[in-house]
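Right, one structure below, let's go through it.
The values are calculated or read from the model by the stated rules, or taken from the named source; none is laboratory data. Since the structure is predicted, the reported quantities are computational estimates derived from the model, not experimental observations. Positions of Cβ are backbone-derived with ideal geometry, glycine not excepted, and every protein chain shown enters the neighbour counts. Note: accessible area is taken over every heavy atom of the protein model, side chains too, but ligands, DNA and RNA are not part of it. Shrake-Rupley method; radii C 1.70, N 1.55, O 1.52, S 1.80 Å.
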Amino acid sequence: MKPLQITSYTLTTALGAGLNANLRHLRQSHSGLRPCRFFDAQLNTWAGEVEALADEHLAKPWESFDCRNNRLSQLGLRQDDFMRRVREAAARHGAGRIGVFIGTSTSGIHETERAYLQWLSGRDGKTVGEAQMALPDWYRYETTHNTYAVAEFVRARLGLEGVATAISTACSSSAKVFASAARAIESGFCDAAVVGGTDTLCLTTLYGFNALQLISEDICRPSDPARSGLSIGEATGFALLEKPNGDSQLGLLGYGESSDAHHMSSPHPQGEGARLAMQGALRSAGCEASAIDYVHLHGTATPANDLSEAKAVEALFGDRLPCSSTKGWTGHTLGAAGIVGAAFSLLCLQHSFLPRSLNTREVDPQIKTHVLLENRQPYSLRTVMSNAFGFGGNNCSLVLGGLP
């Protein structure tokens, strides 16, 4: 692919709103994970909740989109001067020539949960058959739970008029938006693109992963021999992609996608799908494995995921290339994991910094990759790879780095 310039980017996680807050906590090794208190969920686990979200409200022009997912999206859009940079891009290209590509997994499903809980509380002991099936008047599926709602909201909130799409491929969603946007720009559907993703905490996710026995009661410990599962988090992030014009030195150099369909919820034990995605990203970027200085791992802290990914990384890069997972800071942010990984990778490039795999006390002897147990700074970087792998073998790897 032809490299694309990343003119601006922003990130909001449980570590805080904006790039500076996230970078500060990375450097200080302060986790955003806390014992889960979300919506009275009766689960013994840890979660990465965005505390600033409690004070976020949608103004009248966008109030029909009001839900946790879109409030978090708005909070993220307001950070790091991102909206101004998009306005400047719209002045250059035209509002109708900037596409919007947003990844999410559960979208605004928490709004549906709230609606059903209100309906259930009003049945007065009647069975479902006896009670009238009518959800509250305030509930709007099309602008909240609907997967496309977050893409429509972001486009409206930014005042854009170009193509817009939502991608929902589980935990690879907001990595795959980079690939979709690159193809759209190359094909002439748009001249620039806002890419990103948002996923918020909800009962469906918390109890669903618990039912799959993938949630840990302990804080998540990626690559550790004692790892017992993931910690769920919420996050949002965005990037502005344009054809290179000298405005930024960082860019998207390549992407790789694969769908191994090995299992609905388990990765291929030898990491075949992950390896194919990483190979595709290298091929797309036109570079050899030796050009990669660091791999930001998907690293969810489940026994199967970490070992599978490690085998794929070792097969391509050997056992000396520095790599780490940042799930110990933010939790697994599901549909937002791709943009979180991309933003952290860009911070690494900008600040010559490598983050440790937080909460990892030692590396599983079965994992042969060079997992970092301490932060490294300064550390010279030019090109990095960021992985995001989802249920069903929906895999995506991005190559990010300095523009040629």
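Brief remarks on what is shown
- Compared with the rule-of-thumb size 2.2 N^0.38 Å for a compact globular protein, the chain has a Cα radius of gyration ratio of 0.94.
- Backbone amide hydrogens, once placed in the peptide plane, bring residue 332 within less than 5 Å of 231, 232, 233, excluding anything fewer than 5 places away on its chain.
- Within the straight-line cut-off of under 20 Å between alpha carbons, the lysines reachable from residue 176 are 2, 243, 327, sequence neighbours fewer than 8 places apart in one chain being disregarded.
- Kirkwood Rh (inverse of mean 1/r, distinct Cα pairs), the range 131-192, angstrom: 13.8
- Once you reduce the range 24-83 and the range 177-222 to the center of their Cα atoms, the two points are 15 Å from each other.
- Total formal charge among the other residues, if their Cβ is under 12 angstrom from that of residue 334, Lys/Arg +1 and Asp/Glu -1: -1
- Cross-link reach is defined here as a Cα-Cα straight distance under 19 Å, omitting same-chain residues fewer than 8 places apart; for residue 368 the lysines meeting it are 311.
- Charged-residue dipole, Cβ positions (Lys, Arg, Asp, Glu), the chain about Cα centre, Debye nearest 20: 720
- Between amide H atoms placed 1.01 Å from N, distances below 5 Å from residue 171 occur with 390, 391, all of them 5 or more places distant or on a separate chain.
- Protection proxy ranking for 34-44, 62-72, 96-106, 357-367, using the average of other Cβ atoms within 10 Å per residue and placing the highest first: 96-106, 62-72, 357-367, 34-44.
- Relative to its Kirkwood radius, the Cα radius of gyration of the range 1-95 gives an Rg/Rh of 1.05.
- Taking 0.36 nm per residue of separation and subtracting the current Cα-Cα distance, fully stretching the chain between residue 226 and residue 380 would add 52.3 nm.
- Of all DSSP beta bridges confined to the chain, the antiparallel ones make up roughly 65%.
- Accessible solvent surface per residue of the range 292-404, calculated while the other protein chains remain in place, 1.4 angstrom probe, Å²: 29
- Other residues lying with their Cβ under 12 Å from the Cβ of residue 268 contribute a combined charge of -1, Lys and Arg counting +1, Asp and Glu -1.
- Net length gained if the chain between residue 63 and residue 373 were fully extended (0.36 nm per residue, minus Cα distance): 107.1 nm
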